[in-house]
Amino acid sequence: MSSYSERARAILPGGVNSPVRAWNGVGGEPVPIAAARGARVVDAEGRELIDLVASWGPAILGHGHPEVIAAVQEAAARGLSFGATTEAEVELAELIRDRYAPAERVRLVSTGTEATMTAIRLARAATGREVIVKFAGCYHGHSDALLVAAGSGLATAGVPDSAGVTRGAAQDTLVLPYGDEAALTDAFAEHGSRIAAVITEAAPCNMGVVRPPVGFNRLIATLCRNEGAVMILDEVLTGFRAGPAGWWGVERAHDLEAGLDPWTPDLVTFGKVIGGGMPVAAIGGRRDLMEQLAPLGPVYQAGTLSGNPVAVAAGIATMGLLDQAAHERLAALADATVTGVSEALSRHGIVHAVGRAGTLFSIFLGLSEPPATFDEVSTQDTAQFARLFHALRDAGISLPPSAYEAWFLTAAHTAADVEAIVAAVDAWAATEAA
Ligand SMILES: *Cc1c(COP(=O)(O)O)cnc(C)c1O
(Lines give C-alpha, C1' and ligand atoms only; values in the text may rest on other atoms or scores of the structure.)
Protein backbone atom coordinates (compact mmCIF):
# COMPACT_ATOMS: atom_id res chain seq x y z
CA MET A 1 0.00 0.00 0.00
CA SER A 2 1.26 3.47 -0.81
CA SER A 3 1.55 5.97 2.01
CA TYR A 4 -1.31 7.85 0.38
CA SER A 5 -3.75 4.95 0.62
CA GLU A 6 -2.68 4.23 4.21
CA ARG A 7 -3.37 7.82 5.13
CA ALA A 8 -6.68 7.87 3.23
CA ARG A 9 -7.90 4.65 4.83
CA ALA A 10 -6.97 5.90 8.28
CA ILE A 11 -9.55 8.68 7.97
CA LEU A 12 -12.02 7.96 5.12
CA PRO A 13 -13.91 4.64 5.25
CA GLY A 14 -12.37 2.62 2.43
CA GLY A 15 -10.17 5.61 1.63
CA VAL A 16 -12.91 7.29 -0.42
CA ASN A 17 -15.97 9.52 -0.27
CA SER A 18 -17.94 7.47 -2.83
CA PRO A 19 -17.51 3.67 -3.11
CA VAL A 20 -16.74 3.25 -6.83
CA ARG A 21 -13.57 5.32 -6.39
CA ALA A 22 -12.04 2.53 -4.28
CA TRP A 23 -11.57 0.32 -7.40
CA ASN A 24 -13.22 -2.66 -5.71
CA GLY A 25 -14.60 -3.66 -9.11
CA VAL A 26 -11.15 -3.93 -10.72
CA GLY A 27 -8.66 -4.37 -7.87
CA GLY A 28 -5.50 -2.39 -7.28
CA GLU A 29 -4.76 0.87 -5.52
CA PRO A 30 -6.39 4.05 -6.82
CA VAL A 31 -3.94 6.90 -7.33
CA PRO A 32 -5.39 10.29 -6.35
CA ILE A 33 -6.03 12.80 -9.12
CA ALA A 34 -4.29 16.14 -8.80
CA ALA A 35 -5.65 18.08 -11.78
CA ALA A 36 -7.61 17.78 -15.01
CA ARG A 37 -7.69 19.75 -18.26
CA GLY A 38 -9.63 19.02 -21.41
CA ALA A 39 -9.80 15.27 -22.06
CA ARG A 40 -7.03 14.46 -19.57
CA VAL A 41 -6.57 13.92 -15.88
CA VAL A 42 -3.20 14.19 -14.13
CA ASP A 43 -2.60 11.95 -11.14
CA ALA A 44 -0.65 12.88 -8.03
CA GLU A 45 2.43 11.14 -9.46
CA GLY A 46 2.30 13.52 -12.43
CA ARG A 47 1.03 10.92 -14.95
CA GLU A 48 -1.31 12.23 -17.61
CA LEU A 49 -4.17 9.95 -18.64
CA ILE A 50 -6.83 10.20 -21.33
CA ASP A 51 -9.96 10.33 -19.21
CA LEU A 52 -13.08 8.26 -19.90
CA VAL A 53 -14.69 8.99 -16.54
CA ALA A 54 -15.36 12.73 -17.02
CA SER A 55 -16.37 12.97 -13.35
CA TRP A 56 -19.07 10.38 -14.22
CA GLY A 57 -20.61 12.67 -16.80
CA PRO A 58 -20.51 16.33 -15.72
CA ALA A 59 -17.30 17.20 -17.59
CA ILE A 60 -19.13 17.08 -20.92
CA LEU A 61 -17.10 19.94 -22.41
CA GLY A 62 -13.85 18.50 -21.09
CA HIS A 63 -12.31 19.41 -17.76
CA GLY A 64 -11.71 23.03 -16.83
CA HIS A 65 -13.15 24.70 -19.92
CA PRO A 66 -11.69 28.24 -19.76
CA GLU A 67 -15.11 29.92 -20.06
CA VAL A 68 -16.58 27.76 -17.30
CA ILE A 69 -13.62 28.44 -15.02
CA ALA A 70 -13.91 32.19 -15.71
CA ALA A 71 -17.64 32.15 -14.92
CA VAL A 72 -16.96 30.33 -11.64
CA GLN A 73 -14.18 32.74 -10.69
CA GLU A 74 -16.36 35.77 -11.41
CA ALA A 75 -19.23 34.34 -9.40
CA ALA A 76 -16.93 33.41 -6.51
CA ALA A 77 -15.56 36.94 -6.41
CA ARG A 78 -19.12 38.23 -5.90
CA GLY A 79 -19.73 35.88 -2.97
CA LEU A 80 -19.85 32.16 -2.34
CA SER A 81 -23.38 31.80 -1.00
CA PHE A 82 -26.14 34.14 0.09
CA GLY A 83 -28.95 31.92 1.31
CA ALA A 84 -31.27 34.10 -0.77
CA THR A 85 -32.59 34.08 -4.33
CA THR A 86 -30.34 35.15 -7.20
CA GLU A 87 -30.92 36.01 -10.86
CA ALA A 88 -28.45 33.31 -11.89
CA GLU A 89 -30.52 30.46 -10.47
CA VAL A 90 -33.54 31.71 -12.41
CA GLU A 91 -31.42 31.79 -15.56
CA LEU A 92 -30.24 28.19 -15.14
CA ALA A 93 -33.81 26.99 -14.52
CA GLU A 94 -34.96 28.80 -17.67
CA LEU A 95 -32.13 27.21 -19.68
CA ILE A 96 -33.33 23.78 -18.53
CA ARG A 97 -36.98 24.47 -19.38
CA ASP A 98 -36.15 26.01 -22.76
CA ARG A 99 -34.40 22.79 -23.83
CA TYR A 100 -36.63 20.34 -22.03
CA ALA A 101 -40.28 21.32 -22.38
CA PRO A 102 -41.75 18.86 -19.80
CA ALA A 103 -39.83 20.80 -17.11
CA GLU A 104 -42.53 23.48 -16.84
CA ARG A 105 -41.31 24.39 -13.37
CA VAL A 106 -37.88 23.66 -11.92
CA ARG A 107 -36.42 23.40 -8.43
CA LEU A 108 -32.65 23.34 -8.03
CA VAL A 109 -31.01 21.06 -5.47
CA SER A 110 -27.40 19.97 -4.99
CA THR A 111 -27.37 16.23 -5.82
CA GLY A 112 -29.20 13.75 -7.98
CA THR A 113 -30.08 11.83 -4.83
CA GLU A 114 -32.01 14.81 -3.51
CA ALA A 115 -33.74 15.28 -6.85
CA THR A 116 -35.12 11.73 -7.05
CA MET A 117 -35.97 11.68 -3.33
CA THR A 118 -37.98 14.87 -3.73
CA ALA A 119 -39.67 13.64 -6.90
CA ILE A 120 -40.89 10.59 -4.99
CA ARG A 121 -42.20 12.69 -2.11
CA LEU A 122 -44.03 14.89 -4.61
CA ALA A 123 -45.56 11.89 -6.37
CA ARG A 124 -46.73 10.38 -3.09
CA ALA A 125 -48.22 13.68 -1.94
CA ALA A 126 -49.99 14.35 -5.23
CA THR A 127 -51.49 10.85 -5.52
CA GLY A 128 -52.07 10.07 -1.83
CA ARG A 129 -50.49 6.65 -2.59
CA GLU A 130 -47.34 5.02 -1.25
CA VAL A 131 -45.97 2.41 -3.64
CA ILE A 132 -43.02 3.21 -5.93
CA VAL A 133 -42.11 1.02 -8.90
CA LYS A 134 -38.48 0.89 -9.97
CA PHE A 135 -36.44 -1.37 -12.26
CA ALA A 136 -33.57 -3.68 -11.32
CA GLY A 137 -30.24 -2.21 -12.40
CA CYS A 138 -31.49 1.40 -12.54
CA TYR A 139 -29.70 3.65 -10.03
CA HIS A 140 -31.43 6.71 -8.65
CA GLY A 141 -29.10 7.79 -5.85
CA HIS A 142 -28.98 6.55 -2.28
CA SER A 143 -32.25 7.52 -0.60
CA ASP A 144 -33.92 4.71 1.37
CA ALA A 145 -36.92 4.22 -0.92
CA LEU A 146 -34.60 3.67 -3.89
CA LEU A 147 -31.93 1.45 -2.32
CA VAL A 148 -34.18 -1.54 -2.78
CA ALA A 149 -33.58 -4.79 -4.66
CA ALA A 150 -36.07 -7.18 -6.19
CA GLY A 151 -37.71 -9.60 -3.76
CA SER A 152 -38.32 -13.18 -4.78
CA GLY A 153 -40.84 -13.46 -7.59
CA LEU A 154 -42.13 -10.71 -9.82
CA ALA A 155 -44.09 -7.78 -8.47
CA THR A 156 -43.53 -8.71 -4.85
CA ALA A 157 -42.33 -6.20 -2.29
CA GLY A 158 -38.69 -5.27 -2.56
CA VAL A 159 -35.99 -6.02 0.00
CA PRO A 160 -33.36 -3.58 1.32
CA ASP A 161 -30.37 -3.27 -1.04
CA SER A 162 -28.26 -1.74 1.72
CA ALA A 163 -27.89 -2.35 5.42
CA GLY A 164 -29.76 0.32 7.32
CA VAL A 165 -32.72 0.53 4.94
CA THR A 166 -35.87 -0.49 6.82
CA ARG A 167 -38.16 -3.24 5.64
CA GLY A 168 -40.87 -0.60 5.73
CA ALA A 169 -39.06 1.54 3.17
CA ALA A 170 -38.35 -1.51 1.02
CA GLN A 171 -41.92 -2.83 1.21
CA ASP A 172 -43.26 0.27 -0.47
CA THR A 173 -40.95 -0.20 -3.48
CA LEU A 174 -41.70 -2.79 -6.17
CA VAL A 175 -38.66 -3.77 -8.23
CA LEU A 176 -39.33 -5.13 -11.72
CA PRO A 177 -36.98 -6.46 -14.41
CA TYR A 178 -36.00 -3.63 -16.76
CA GLY A 179 -37.80 -3.50 -20.08
CA ASP A 180 -40.33 -6.19 -19.13
CA GLU A 181 -43.67 -4.89 -20.44
CA ALA A 182 -45.65 -7.85 -19.10
CA ALA A 183 -44.22 -7.47 -15.58
CA LEU A 184 -45.08 -3.76 -15.61
CA THR A 185 -48.60 -4.31 -16.91
CA ASP A 186 -49.15 -7.05 -14.31
CA ALA A 187 -47.85 -4.83 -11.51
CA PHE A 188 -50.41 -2.18 -12.46
CA ALA A 189 -53.16 -4.77 -12.77
CA GLU A 190 -52.41 -6.05 -9.28
CA HIS A 191 -51.38 -2.89 -7.42
CA GLY A 192 -52.54 -0.02 -9.68
CA SER A 193 -54.56 1.87 -7.09
CA ARG A 194 -51.57 1.84 -4.68
CA ILE A 195 -48.87 2.98 -7.15
CA ALA A 196 -47.79 6.57 -6.63
CA ALA A 197 -45.00 6.59 -9.21
CA VAL A 198 -42.89 4.64 -11.63
CA ILE A 199 -39.29 5.85 -11.65
CA THR A 200 -36.96 4.83 -14.46
CA GLU A 201 -33.64 5.94 -15.86
CA ALA A 202 -34.52 7.56 -19.19
CA ALA A 203 -31.98 5.13 -20.62
CA PRO A 204 -30.25 2.94 -18.04
CA CYS A 205 -26.56 3.85 -17.73
CA ASN A 206 -25.74 2.63 -14.23
CA MET A 207 -25.58 -1.06 -15.15
CA GLY A 208 -23.56 -0.15 -18.19
CA VAL A 209 -25.60 1.38 -20.99
CA VAL A 210 -28.81 -0.51 -21.80
CA ARG A 211 -30.88 0.91 -24.61
CA PRO A 212 -34.57 1.07 -23.66
CA PRO A 213 -36.68 -1.28 -25.81
CA VAL A 214 -38.75 0.69 -28.32
CA GLY A 215 -42.02 1.66 -26.66
CA PHE A 216 -41.01 0.86 -23.07
CA ASN A 217 -40.86 4.45 -21.81
CA ARG A 218 -44.09 5.17 -23.69
CA LEU A 219 -45.79 2.24 -21.96
CA ILE A 220 -44.71 3.62 -18.57
CA ALA A 221 -46.15 7.02 -19.50
CA THR A 222 -49.42 5.49 -20.70
CA LEU A 223 -49.93 3.22 -17.69
CA CYS A 224 -49.14 6.06 -15.29
CA ARG A 225 -51.61 8.37 -17.02
CA ASN A 226 -54.35 5.75 -17.16
CA GLU A 227 -53.89 4.64 -13.56
CA GLY A 228 -53.36 8.06 -11.98
CA ALA A 229 -49.69 7.47 -11.12
CA VAL A 230 -46.75 9.81 -11.73
CA MET A 231 -44.00 8.98 -14.23
CA ILE A 232 -40.61 10.09 -12.92
CA LEU A 233 -37.99 10.10 -15.65
CA ASP A 234 -34.51 10.10 -14.17
CA GLU A 235 -32.25 12.02 -16.56
CA VAL A 236 -29.57 12.76 -13.95
CA LEU A 237 -27.01 11.03 -16.15
CA THR A 238 -28.61 11.20 -19.60
CA GLY A 239 -29.95 14.77 -19.34
CA PHE A 240 -28.27 17.06 -21.89
CA ARG A 241 -25.75 14.27 -22.58
CA ALA A 242 -27.55 11.43 -24.40
CA GLY A 243 -28.71 14.21 -26.74
CA PRO A 244 -29.52 17.96 -26.59
CA ALA A 245 -32.80 17.25 -24.74
CA GLY A 246 -31.58 14.14 -22.97
CA TRP A 247 -32.84 10.67 -23.82
CA TRP A 248 -36.43 11.96 -23.83
CA GLY A 249 -35.46 14.25 -26.72
CA VAL A 250 -33.96 11.31 -28.64
CA GLU A 251 -37.18 9.29 -28.31
CA ARG A 252 -39.30 12.34 -29.09
CA ALA A 253 -37.46 12.89 -32.38
CA HIS A 254 -37.93 9.22 -33.33
CA ASP A 255 -41.64 9.37 -32.45
CA LEU A 256 -42.22 12.52 -34.49
CA GLU A 257 -40.43 10.95 -37.44
CA ALA A 258 -42.62 7.85 -37.11
CA GLY A 259 -45.77 10.00 -36.97
CA LEU A 260 -46.42 9.11 -33.31
CA ASP A 261 -47.53 11.56 -30.62
CA PRO A 262 -44.54 11.96 -28.31
CA TRP A 263 -45.01 10.80 -24.71
CA THR A 264 -44.26 13.13 -21.82
CA PRO A 265 -42.94 12.40 -18.32
CA ASP A 266 -44.69 14.05 -15.35
CA LEU A 267 -41.53 14.72 -13.36
CA VAL A 268 -37.91 14.70 -14.52
CA THR A 269 -34.70 14.69 -12.50
CA PHE A 270 -31.45 16.23 -13.68
CA GLY A 271 -27.93 16.45 -12.28
CA LYS A 272 -24.38 15.86 -13.49
CA VAL A 273 -24.19 17.95 -16.75
CA ILE A 274 -26.40 20.80 -15.47
CA GLY A 275 -23.74 21.63 -12.86
CA GLY A 276 -20.80 21.27 -15.24
CA GLY A 277 -18.75 19.71 -12.42
CA MET A 278 -20.25 21.65 -9.52
CA PRO A 279 -23.01 20.35 -7.20
CA VAL A 280 -26.22 21.24 -9.04
CA ALA A 281 -29.19 18.96 -9.68
CA ALA A 282 -32.87 19.67 -10.31
CA ILE A 283 -36.41 18.40 -10.33
CA GLY A 284 -38.57 19.62 -13.17
CA GLY A 285 -42.03 18.79 -14.32
CA ARG A 286 -45.70 19.50 -14.63
CA ARG A 287 -46.64 22.81 -13.13
CA ASP A 288 -49.49 21.42 -11.00
CA LEU A 289 -47.17 18.82 -9.47
CA MET A 290 -44.22 21.17 -8.97
CA GLU A 291 -46.45 23.75 -7.32
CA GLN A 292 -47.12 21.23 -4.55
CA LEU A 293 -43.62 22.13 -3.31
CA ALA A 294 -43.19 24.47 -0.33
CA PRO A 295 -43.69 27.40 -0.07
CA LEU A 296 -46.62 27.15 -2.54
CA GLY A 297 -47.79 23.70 -1.48
CA PRO A 298 -47.63 21.15 1.34
CA VAL A 299 -44.56 19.15 0.20
CA TYR A 300 -41.52 20.20 2.20
CA GLN A 301 -38.14 20.48 0.49
CA ALA A 302 -35.26 22.87 1.18
CA GLY A 303 -31.48 23.30 0.95
CA THR A 304 -28.97 25.70 2.50
CA LEU A 305 -26.82 25.56 -0.64
CA SER A 306 -29.58 24.92 -3.21
CA GLY A 307 -29.05 27.10 -6.29
CA ASN A 308 -25.60 28.05 -4.97
CA PRO A 309 -24.38 31.00 -7.06
CA VAL A 310 -20.91 29.62 -7.82
CA ALA A 311 -22.25 26.18 -8.73
CA VAL A 312 -25.04 27.69 -10.85
CA ALA A 313 -22.47 29.85 -12.70
CA ALA A 314 -20.70 26.65 -13.79
CA GLY A 315 -24.03 25.21 -14.91
CA ILE A 316 -25.04 28.25 -16.94
CA ALA A 317 -21.65 28.45 -18.66
CA THR A 318 -21.68 24.72 -19.42
CA MET A 319 -25.23 24.71 -20.76
CA GLY A 320 -24.43 27.81 -22.83
CA LEU A 321 -21.43 26.15 -24.48
CA LEU A 322 -23.28 22.88 -25.00
CA ASP A 323 -24.64 23.75 -28.43
CA GLN A 324 -25.67 21.62 -31.38
CA ALA A 325 -22.07 21.50 -32.60
CA ALA A 326 -20.86 20.13 -29.25
CA HIS A 327 -23.51 17.40 -29.35
CA GLU A 328 -22.60 16.52 -32.94
CA ARG A 329 -18.96 16.33 -31.92
CA LEU A 330 -19.82 14.00 -29.03
CA ALA A 331 -21.91 11.81 -31.33
CA ALA A 332 -19.08 11.55 -33.88
CA LEU A 333 -16.53 10.73 -31.15
CA ALA A 334 -18.85 8.07 -29.69
CA ASP A 335 -19.34 6.51 -33.16
CA ALA A 336 -15.59 6.43 -33.79
CA THR A 337 -14.76 5.02 -30.36
CA VAL A 338 -17.44 2.33 -30.42
CA THR A 339 -16.54 1.26 -33.96
CA GLY A 340 -12.79 1.27 -33.35
CA VAL A 341 -12.94 -0.54 -30.00
CA SER A 342 -15.43 -3.11 -31.24
CA GLU A 343 -13.35 -3.83 -34.38
CA ALA A 344 -10.19 -4.19 -32.30
CA LEU A 345 -11.87 -6.65 -29.95
CA SER A 346 -13.38 -8.64 -32.83
CA ARG A 347 -10.04 -8.78 -34.64
CA HIS A 348 -8.66 -10.80 -31.74
CA GLY A 349 -11.78 -12.83 -31.15
CA ILE A 350 -12.74 -11.13 -27.85
CA VAL A 351 -16.46 -11.76 -27.32
CA HIS A 352 -18.18 -8.47 -26.50
CA ALA A 353 -21.31 -6.39 -27.00
CA VAL A 354 -21.86 -2.66 -27.24
CA GLY A 355 -24.59 -0.96 -25.22
CA ARG A 356 -25.52 2.35 -26.79
CA ALA A 357 -28.05 5.12 -26.07
CA GLY A 358 -27.45 8.34 -28.00
CA THR A 359 -23.88 9.46 -27.33
CA LEU A 360 -23.65 7.17 -24.28
CA PHE A 361 -22.12 3.72 -24.56
CA SER A 362 -20.37 0.92 -22.73
CA ILE A 363 -18.62 -2.27 -23.77
CA PHE A 364 -19.75 -5.57 -22.20
CA LEU A 365 -17.03 -8.22 -22.32
CA GLY A 366 -18.11 -11.84 -22.58
CA LEU A 367 -21.59 -11.03 -23.94
CA SER A 368 -22.39 -11.56 -27.60
CA GLU A 369 -25.64 -9.54 -27.60
CA PRO A 370 -26.32 -6.18 -25.94
CA PRO A 371 -27.92 -7.02 -22.58
CA ALA A 372 -31.53 -5.99 -21.96
CA THR A 373 -31.82 -6.58 -18.21
CA PHE A 374 -29.66 -6.43 -15.10
CA ASP A 375 -29.61 -10.24 -14.97
CA GLU A 376 -28.13 -10.32 -18.46
CA VAL A 377 -25.64 -7.56 -17.63
CA SER A 378 -24.56 -9.60 -14.60
CA THR A 379 -23.31 -12.43 -16.80
CA GLN A 380 -20.58 -10.23 -18.32
CA ASP A 381 -16.93 -11.14 -17.66
CA THR A 382 -15.93 -8.68 -14.93
CA ALA A 383 -12.53 -10.35 -14.41
CA GLN A 384 -11.72 -9.74 -18.06
CA PHE A 385 -12.88 -6.15 -17.70
CA ALA A 386 -10.48 -5.73 -14.77
CA ARG A 387 -7.62 -6.88 -17.02
CA LEU A 388 -8.71 -4.39 -19.72
CA PHE A 389 -8.94 -1.63 -17.13
CA HIS A 390 -5.38 -2.15 -15.89
CA ALA A 391 -3.90 -2.60 -19.37
CA LEU A 392 -5.48 0.65 -20.51
CA ARG A 393 -4.29 2.38 -17.37
CA ASP A 394 -0.74 1.26 -18.15
CA ALA A 395 -1.24 2.65 -21.65
CA GLY A 396 -2.27 6.05 -20.28
CA ILE A 397 -6.05 5.72 -20.47
CA SER A 398 -8.41 6.02 -17.51
CA LEU A 399 -11.46 3.77 -17.89
CA PRO A 400 -14.25 3.82 -15.31
CA PRO A 401 -13.13 1.39 -12.55
CA SER A 402 -16.18 -0.86 -12.94
CA ALA A 403 -17.73 -2.98 -15.69
CA TYR A 404 -21.14 -1.55 -14.75
CA GLU A 405 -20.50 2.00 -15.97
CA ALA A 406 -20.69 4.00 -19.17
CA TRP A 407 -17.46 5.14 -20.86
CA PHE A 408 -17.69 8.93 -20.82
CA LEU A 409 -16.40 11.07 -23.66
CA THR A 410 -16.15 14.85 -23.64
CA ALA A 411 -16.24 17.44 -26.40
CA ALA A 412 -12.52 17.96 -25.68
CA HIS A 413 -11.53 14.46 -26.82
CA THR A 414 -9.87 14.43 -30.24
CA ALA A 415 -9.58 11.96 -33.09
CA ALA A 416 -6.02 11.29 -31.85
CA ASP A 417 -7.39 10.41 -28.39
CA VAL A 418 -9.82 7.96 -29.97
CA GLU A 419 -6.96 6.41 -31.96
CA ALA A 420 -4.92 6.03 -28.78
CA ILE A 421 -7.87 4.35 -27.02
CA VAL A 422 -8.44 1.97 -29.93
CA ALA A 423 -4.71 1.15 -30.21
CA ALA A 424 -4.53 0.37 -26.48
CA VAL A 425 -7.60 -1.88 -26.67
CA ASP A 426 -6.12 -3.59 -29.72
CA ALA A 427 -2.79 -4.24 -27.95
CA TRP A 428 -4.57 -5.61 -24.87
CA ALA A 429 -6.86 -7.79 -26.98
CA ALA A 430 -3.83 -9.28 -28.77
CA THR A 431 -2.23 -10.41 -25.48
CA GLU A 432 -5.60 -11.47 -24.05
CA ALA A 433 -6.23 -13.70 -27.07
CA ALA A 434 -2.69 -15.16 -27.08
C1 LIG B 1 -25.63 9.84 -10.60
C2 LIG B 1 -27.05 9.48 -10.62
C3 LIG B 1 -27.92 9.76 -9.56
C4 LIG B 1 -27.44 10.30 -8.25
O5 LIG B 1 -26.88 11.56 -8.37
P6 LIG B 1 -25.87 12.07 -7.20
O7 LIG B 1 -25.58 13.48 -7.59
O8 LIG B 1 -24.68 11.15 -7.26
O9 LIG B 1 -26.61 11.95 -5.92
C10 LIG B 1 -29.27 9.51 -9.73
N11 LIG B 1 -29.75 8.98 -10.86
C12 LIG B 1 -28.95 8.68 -11.90
C13 LIG B 1 -29.54 8.12 -13.16
C14 LIG B 1 -27.57 8.89 -11.81
O15 LIG B 1 -26.78 8.54 -12.83
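The values are calculated or read from the model by the stated rules, or taken from the named source; none is laboratory data. Nothing here was measured: the structure is a model prediction, and the numbers come from that model. In this analysis, Cβ positions are derived from the backbone assuming ideal geometry, glycine residues included, and neighbour counts consider all displayed protein chains. Accessible surface is based on the protein model in full, side chains and every heavy atom, while ligands, DNA and RNA are left aside. Shrake-Rupley method; radii C 1.70, N 1.55, O 1.52, S 1.80 Å.
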Inset, instruction - Assess whether Phe240 counts as being among the aromatic types (Phe, Trp, Tyr) and within 22 Å of Ala197 (Cβ to Cβ). - result: no
Legend entry - Residue satisfying condition, being more than 22 Å from the chain's Cα centre (by Cα), of a type outside the set (S, T, N, Q) and either assigned by TED's automatic domain parsing to the domain that holds Trp428 or within 15 Å of the ligand (Cβ to nearest atom) (or both), within set Leu345, Leu296: Leu345
Legend entry - the stretch 230-284, residues that are in a loop (DSSP other than H, G, I, E, B), open to solvent by less than 10 Å² (accessible area, probe 1.4 Å) and away from the ligand (no atom under 15 Å from the Cβ): Gly243
Inset, instruction - Filter the stretch 111-126 down to the residues that are open to solvent by 10 Å² or more (accessible area, probe 1.4 Å) and near the ligand (Cβ under 8 Å from one of its atoms), then identify the one that is farthest from the chain's Cα centre (by Cα). - result: Glu114
Inset, instruction - Check whether at least one residue in the stretch 70-79 is within 16 Å of the ligand (Cβ to nearest atom), assigned by TED's automatic domain parsing to the domain that holds Val159 and either open to solvent by 20 Å² or more (accessible area, probe 1.4 Å) or assigned to a helix (DSSP H, G or I) (or both), and report yes or no. - result: no
Inset, instruction - Scan the stretch 30-59 residue by residue and report those that are among the acidic types (Asp, Glu) and buried (at least 22 other Cβ atoms within 10 Å of the Cβ). - result: Asp51
Legend entry - Residue that is most open to solvent (accessible area, probe 1.4 Å) [pool: residues in the stretch 206-227 that are part of a loop (DSSP other than H, G, I, E, B) and within 16 Å of the ligand (Cβ to nearest atom)]: Arg211
Inset, instruction - For the stretch 296-306, state whether one or more residues are touching a residue at least 60 places away in the same chain (Cβ under 8 Å) and under 18 Å from Ala203 (Cβ atoms). - result: no
Inset, instruction - Kindly indicate whether Val26 is assigned to a strand (DSSP E or B) and either hydroxyl-bearing (Ser, Thr, Tyr) or outside the structural domain of Ala281 (by TED's automatic domain parsing) (or both). - result: no
Legend entry - Residue identified as over 23 Å from Ala125 (Cβ atoms) and in contact with a helix residue (DSSP H, G or I) (Cβ under 8 Å, 6 or more places away or on another chain) among Val236, Val250, Val210: Val210
Inset, instruction - Output yes when any residue across the stretch 304-320 is open to solvent by 20 Å² or more (accessible area, probe 1.4 Å), touching a strand residue (DSSP E or B) at 6+ places or on another chain (Cβ under 6 Å) and within 16 Å of the ligand (Cβ to nearest atom), and no when none is. - result: yes
Inset, instruction - Please list, ordered by first then second residue, the pairs with beta carbon atoms under 6 Å, 6 or more apart or interchain, first in the stretch 115-134 and free of Cβ contacts under 8 Å to residues at least 60 places away in the same chain, second within 16 Å of the ligand (Cβ to nearest atom). - result: Met117/Ser143
Inset, instruction - Give the stretch 139-192 a look and list any residue that's within 16 Å of Ala123 (Cβ to Cβ) and either within 16 Å of the ligand (Cβ to nearest atom) or not assigned by TED's automatic domain parsing to the domain that holds Gly208 (or both), or say none. - result: His140, Gly141, Ser143, Asp144, Ala145, Leu146, Val148, Thr173
Legend entry - Qualifying positions in the stretch 373-392 - under 24 Å from Pro30 (Cβ atoms) and crowded, with 20+ Cβ neighbours inside 10 Å: Val377, Gln380, Phe385, Leu388, Phe389, Leu392
Legend entry - Yes/no for Glu376 being free of Cβ contacts under 8 Å to residues at least 60 places away in the same chain and on the phi < 0 side of the Ramachandran plot: yes
